[in-house]
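Enquirer: Below you will find the structure I want to go over with you.
The values are calculated or read from the model by the stated rules, or taken from the named source; none is laboratory data. Nothing here was measured: the structure is a model prediction, and the numbers come from that model. Using ideal geometry, Cβ is built from the backbone for each residue, glycine included, and neighbour counts are taken over all protein chains shown. The accessibility values were calculated without ligands, DNA or RNA, using every heavy atom of the protein model including side chains. Shrake-Rupley method; radii C 1.70, N 1.55, O 1.52, S 1.80 Å.
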Amino acid sequence: MIVHIFADTPHHYEPMKRFLLSVPYTDKQAFWVKSSEQALLDPDLITYQSVDALFALIGQADSDTSFIFHGLFDVHIWKKLLFHPVSRRCSCVIWGGELYRHFKKDRSFKEYIAQALHALMLRKFKHVQTLNMGDAKLVSKALKRKGVSVLPYPLIGVATPEPEQRTSNTIRVLVGNSASSSNRHKEALESLLPFKALDIEIVVPLNYAGEASYVNEVTAYGETLFGEKFKPIKHMLNKEEYDALLNSVDMAVFSQHRQQGLYVAYTMFLTGKPMFMLSTTTSFTNLTELGFEIDKTEFLSQLSVESFFEKAFSRSKANQQLMQSHFTEHALAPKWAALFESLECN
């Protein structure tokens, strides 16, 4: 059996459960998620409320069970796994946040200890996957783990949209993907200032993964710069609502220094819409190496108003075709099946 372990992230584990069950694999799969009200309503999910509860479940599993952690951020879990024999039967997909913490400036001694703990734990794991090759190289550099492979998550349940029937010339720009300060919202908003006079809306998701004080700070700054054209989203959206939001914008602007928000990027590619990223990120490097057309956020403010307007209404058929080839469920199901088979053989 393979057990997939998720944190309390319904917007991720719900679609992933459906996808993983569709992967061609004959053995049984189970799904453990940190307790949430939504999870309690799904009889196919087993919930845990704490680290101790998680390891109690692990202790009850059969000795041939393999475990895949989808994101592994909790240092307390690292500590337990380091000295637990089950670590030899564990694999993980590194999302990014748990990796990029080791590259922060002015880290404390405690944070360096956490990095060493992380490295020792991952050396025991059967497989370690990242979402792109750039992150795989960072894992090898920061955590001294050899044999890191790349296994992306697919864009799940998002069909190629029909040609747009526009009812307005308003340009809707999505900024960032969450309330996390790593989005560097202020820098992204400042890059859009030259286009303030246009008929524009600045849509900013600030509904999860951030501190209330930061959300308030970004909101105040956005309203100062753009007034009523600044449209923060502070309430949680379900998947259908979020997909509808992404389908309604004309472009997305990221100012993150790291890999983040791939669901947004993939949706922009699928719809052929412009995607702005910093060219220093692993996302930009790896995706452009695959052939994707991505605009550089650092040059956004230098565009003329006419070029910005034209770009907002442009669509890239090349990106749409590449998205189908690389990051759809159909494209990635065989790669996930190969991982499952390798766990069974080892």
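Enquirer: From Cα pairs below 8 angstrom and at least 6 apart in sequence, can you work out the relative contact order of the chain, rounded to a whole percent?
Expert: Here the relative contact order equals 15 percent.
Enquirer: I would also like to ask the following. State the percentage of accessible surface on region 12-150 attributable to carbon and sulfur atoms; use a 1.4 Å probe and exclude ligands, DNA and RNA.
Expert: That share works out to 56 percent.
Enquirer: How many Å² of accessible area per residue for the chain, probe 1.4 Å?
Expert: Heavy-atom accessible area per residue stands at 47 Å².
Enquirer: Using +1 on the beta carbon of Lys and Arg, -1 on that of Asp and Glu, and nothing else charged, what's the dipole of region 153-248 about the Cα centre, debye to 20?
Expert: Around 120 debye, computed over region 153-248.
Enquirer: With +1 on each Lys and Arg Cβ and -1 on each Asp and Glu Cβ, how big is the dipole of region 200-314 about its Cα centre, in debye rounded to the nearest 20?
Expert: 160
Enquirer: Tell me, what is the FRET efficiency for Ile233 and Ser181 to the nearest 0.05, using R0 = 25 angstrom and their Cβ-Cβ distance as r?
Expert: According to the calculation, E is roughly 0.90.
Enquirer: While we're on this one: Rounded to the nearest 0.05, what FRET efficiency is calculated for Leu303 and Lys110 with R0 set to 41 Å and r the Cβ-Cβ distance?
Expert: Plugging the Cβ-Cβ distance into 1/(1 + (r/R0)^6) gives 0.40.
Enquirer: Consider the candidate values [x] 66, 45, 36; [y] 125, 42, 30; [z] 63, 46, 39; state which one is Cα extents along the principal axes in Å computed from the structure displayed.
Expert: Evaluating Cα extents along the principal axes in Å on these atoms matches [z].
Enquirer: Okay, next question. Using the beta-carbon distance between Glu211 and Lys144 and R0 = 35 Å, what value does 1/(1 + (r/R0)^6) give for FRET efficiency, to the nearest 0.05?
Expert: The pair Glu211/Lys144 has a calculated efficiency of 0.65.
Enquirer: Straight-line reach from Lys234: which lysines have a Cα under 19 Å away, not including same-chain ones fewer than 8 places off?
Expert: Correct list for Lys234: Lys186.
Enquirer: Setting aside same-chain residues fewer than 8 positions from Lys105, which lysines have a Cα under 18 Å from its Cα?
Expert: Lys141
Enquirer: If you take every residue apart from Lys239 with its C-beta less than 12 Å away from the C-beta of Lys239, what net charge results, scoring Lys and Arg +1 and Asp and Glu -1?
Expert: Taking every Cβ under 12 Å from that of Lys239, the sum is -3.
Enquirer: Please compute the volume of the convex hull spanned by the alpha-carbon atoms of region 1-117 and report it per residue in Å³.
Expert: Normalising the Cα hull of region 1-117 by residue number yields 120 Å³.
Enquirer: Another question, then. So what are the three principal axis dimensions of region 70-123 from its Cα atoms, in whole Å, longest to shortest?
Expert: Cα extents, longest axis first: 34, 21, 16 Å.
Enquirer: Sort Glu37, Glu310 by accessible area with a 1.4 Å probe, largest first.
Expert: Accessible-area ranking of Glu37, Glu310, largest first: Glu37, Glu310.
Enquirer: Under a plain spin-label model, where a point goes 7 Å from the Cα along Cα-to-Cβ, how far apart in nm are His330 and Lys317?
Expert: 1.8
Enquirer: Describe numerically, in nm with one decimal, the distance between label points set 7 Å from Cα along Cα→Cβ at Tyr221 and at Thr285.
Expert: 2.6
Enquirer: Still on this structure, please answer the following. So how strong a dipole does the chain carry about its Cα centre when Lys and Arg Cβ are +1 and Asp and Glu Cβ are -1, to the nearest 20 debye?
Expert: It works out to roughly 1400 debye.
Enquirer: Another one. Which entries in Lys28/Lys335; Lys144/Lys317; Lys229/Lys273; Lys146/Lys296 show an alpha-carbon gap greater than 28 Å?
Expert: Beyond 28 Å: Lys144/Lys317; Lys146/Lys296.
Enquirer: So what's the gap between the Cα centers of region 113-159 and region 193-262, to the nearest angstrom?
Expert: Using only Cα atoms to place each centre, the spacing works out to 29 Å.
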